[in-house]
Amino acid sequence: MSGSRKVTVVFGLLLAGCMASSALLLQRVDQLRTGATLQEVLYISSPKLLKRLSLGYSGLLADIYWTRAVQYFGDKHHAGAANYDLLAPLLEITTTLDPQLVVAYQYGANFLAPKPPNGAGMPQRAIDLVEFGIRNNPDDWRLYYEDGFIHYTELKDYAGAAEAFARGAQVPNAHPFLKLLAGRMAEQAGSLDTARMLWTTAYQTTTDRAIRANALAHLRALQVDEDVTTLQELVGKYREKTGQFPQRFSDLETAGLMRGTPLDPLGHPYKLMPDGRVEVQSPDDFPFIAKGTPPGYKPPASPKFLPSD
C-alpha cells in the first residue's frame, strides 16, 4: 500500500470516528432535552472535559445546562430546600461551555448568593462565578455591578463592594451610577439610602420583567422599614409626653406629631398595636421587610424571580 493511500485510510478512519462520536453526542443531547434526570446531566461533571468532548456543540450544551440549572433552582426553591448542592456545578459547566453567556452569570449569582430558602447560601461561589464572567467579558459593566451587589448585600463587605463598583465605572459605556455607588460605599455604606440606590439602579438598568419585579419588591421593603422606624420613634415621643401608648394614629395627630393616616407602599394603612408596635396589614405582601411584622412571624419562602422569556 502506498504512503498516500495509508494517509487516506488513516484520515478516513479518524473522520468516521469523529462522525460516530458526534452522533453519540447528539443522541446524548437529545436525551438531555427530553427529560433526563439531573444526575444524568452531571454524569460528566468536569466542565473542561465536557467542553473538549462537545465536538463543536459547546454553545448548544451550554444552553441545555443553563436550562437545567434554572429548573433545578426553581424546583429546590419551590420545595423550600436547605441545600442546592448541584447548583454551582451546573453553573460552572454552563459558563465554561459558553463563557459569553452573560445571563448565566447574572442570574446564577443571584441564585447562589442569598441564604436558603431564597438561594443556595454560597455568596463566595457567586462572586467566583461573576469574577469568571468578568475575565471573559471584561467590558460588561453589569457583571461588576453584580459583584459589588453581592459584596454589599450578602457579605456586608463594603470595601469589596466599592472596589467592584469602581472597577466597573472604568468600563466603556458603564452606567454612571457605578461611580456614585463606589463613592457611597466609602461614605455611608450601611444606610437605607445606599440600599435604595442599589435597588433603584437594578430597576432602572434592565428591561427584564423578573429583575425589575425583584428590585421593586426590595424598594417597597426598604420603604416599609423606614416608615416603621419613623412611626416607632413618634410612638416613643408620645409615650414620653403622655406616659402611655397611643391607641390609634389619630392620637399622634392630635398630639401634633404627625398628619393623616400613614400608608404602606401598597396604599394600606399601617396598624398600631396596643403595646405601641407598628405593623403592616399583610406581611406576606412585603417578603423582604425587616420591620413591621407580628411577633413570631415566619415569612414564606421569598419569591425568587426567574429569567423571563
Can you give the accessible area per residue of region 155-309, in Å², using a 1.4 Å probe? 55 Å²
Restricting to Cα pairs below 8 Å that are 6+ residues apart, what does the relative contact order work out to for region 146-260? Please round to a whole percent. 13 percent
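Go ahead and run the numbers for FRET between Met273 and Val103, Cβ-Cβ distance against an R0 of 41 Å, rounding to 0.05.
On the way: r = 44 Å, r/R0 = 1.08.
After rounding to 0.05, the efficiency reads 0.40.
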Karplus (6.51, -1.76, 1.60) ³J(HN,Hα), θ = phi - 60°, over region 95-108, in Hz, Gly and Pro reported as x: 6, 6, 5, 9, x, 9, 7, 4, 4, 5, 6, 5, 6, x
Give me the one-decimal nm value for the distance between modelled label points at Lys115 and Glu131, 7 Å along each residue's Cα-to-Cβ direction. 2.4 nm
Lys and Arg at +1, Asp and Glu at -1: neighbours of Thr153 with Cβ under 12 Å from its Cβ sum to -2
Roughly what would the spin-label model give for Lys156 and Lys179, points 7 Å off Cα along C-beta, in nm? 3.2 nm
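Please go through region 141-243 and write out the trypsin sites (Lys or Arg not before Pro) that DSSP classes as loop and that have at most 16 other C-beta atoms within 10 Å.
Those satisfying the criteria are Lys156.
Averaging over all projection directions, find the projected area of the Cα convex hull of region 74-161 and quote it in nm² with one decimal place.
5.2 nm²
If we count every other residue with Cβ under 13 angstrom of Thr261's Cβ, Lys/Arg +1 and Asp/Glu -1, where does the sum land?
Overall, the nearby charge balance is -1.
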Can you work out the FRET efficiency for the pair Arg259 and Gln281, with r the C-beta to C-beta distance and R0 = 30 Å, to the nearest 0.05? 0.90
Can you compute the modelled spin-label distance between Gln170 and Arg248, with each label point 7 Å from Cα toward Cβ, in nm? 6.1 nm
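Considering the convex hull of the alpha carbon atoms of region 175-283, report its projected area averaged over all viewing directions, in nm², one decimal.
8.6 nm²
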Between Glu233 and Thr206, what FRET efficiency follows from the Cβ-Cβ distance if R0 is 22 Å, with the result rounded to 0.05? 0.05
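The values are calculated or read from the model by the stated rules, or taken from the named source; none is laboratory data. It should be emphasised that the depicted structure is a prediction, and the values quoted were computed from it without experimental measurement. Counting neighbours? That spans all protein chains shown, and the Cβs are built from the backbone with ideal geometry, glycine included. Just the protein is used for accessible areas: all its heavy atoms, side chains included, with ligands, DNA and RNA removed. Shrake-Rupley method; radii C 1.70, N 1.55, O 1.52, S 1.80 Å.
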